[in-house]
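Heads up, the thing below is written out as structure tokens.
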Amino acid sequence: MPARTIPGAGKAALAAGRFASFLVVFLFALVALAGHDTVRTIEFCGFTADGKQYLLLIRDEQMGTFLSLRSADTGKQVKGTPIDNPLDEKRLREETVKKHRITDPGTDSQASPDGTYTIIGVPRGIRFDLNVLRGNRSARLHTFKVEQGTSGPAKVTLKAVHWSGDGHRIVVILHKVLKDENGLDADEAWPFPFFASSLSFQ
């Protein structure tokens, strides 16, 4: 006896198959979006001669590798140059340095070029203070708000300080680690003008 065909069964099976495929794609998208850490490293490349701009080499797991020319007044990017092929990194870096006249490599040190001042980082739970030492006296340069997760505030460390040739501008690189569903293992770069006369030493 021939098998009976239920009207509409083929369409129902096709619709169910399409829904199952959509569900699999949707679940994979959720997995990709959830629990993704921000992973980023930053390398300082130098200042322009007048100290008004500086260049960074950034390696970011989400955004890729790129050169970022930034304003020393605002910290905002002025020009970005993507590096799609690692083999092009050295060439693009040299071309960008030349094009934007990055002639001051800066002084990579927590101590000022003349040795008078020292920049230190002081973690304070949900805050991170950037202080300046002069002998046995100190002054606060800036206070950062620290990200928080279910495990508590991020761990912040002062990774590097780069001084312009005249000692009146610095670029500070912080490193943040936050163990959470959407965690951090990332560098951040922050520019500051530096004039000791504007600081209140105690």
So if I place +1 on the C-beta of Lys and Arg and -1 on the C-beta of Asp and Glu, and nothing else carries charge, what would the dipole magnitude of segment 25-153 be about its Cα centre? I want it in debye, nearest 20. 460
Please turn the phi angles of segment 72-78 into ³J(HN,Hα) values with the Karplus equation 6.51 cos²θ - 1.76 cosθ + 1.60 (θ = phi - 60°), one per residue in order, whole Hz, x for glycine and proline. 6, 7, 10, x, 7, 6, 9
Among Cys45, Asn136, Ile58 - extreme Cα towards positive end, dipole of segment 39-198, charges at beta-carbon: Asn136
Cross-link list Lys76/Lys145; Lys79/Lys176; Lys98/Lys176; Lys79/Lys99; Lys90/Lys176; Lys52/Lys76: which exceed 21 angstrom alpha carbon to alpha carbon? Lys79/Lys176; Lys98/Lys176; Lys90/Lys176
Obtain the nm distance between the two label points defined at Ser109 and Ser200 by a simple spin-label model: each point lies 7 Å from its Cα along the Cα-to-C-beta direction. 3.0
Calculated FRET efficiency, Thr116 and Glu94, Cβ-Cβ r, R0 30 Å, to nearest 0.05? 0.30
Where a ≥ b ≥ c are the square roots of the eigenvalues of the C-alpha gyration tensor, would you call segment 39-198 rounded, which needs a/c under 1.5, or, failing that, prolate if a/b is larger than b/c, or oblate? oblate
Using a 7 Å offset from the Cα along the Cα-to-Cβ direction at both Thr157 and Trp190, what is the distance between the two label points in nm, to one decimal? 1.8
Any idea how far apart Arg124 and Thr143 come out in nm if each label point goes 7 Å out from Cα toward Cβ? 0.5
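Bear in mind that the values in this text are calculations on the coordinates, not laboratory data. All values reported here derive from a predicted model rather than from experimental measurement. Cβ coordinates were reconstructed from backbone atoms using ideal geometry, including for glycine residues, and neighbour counts include every protein chain displayed.
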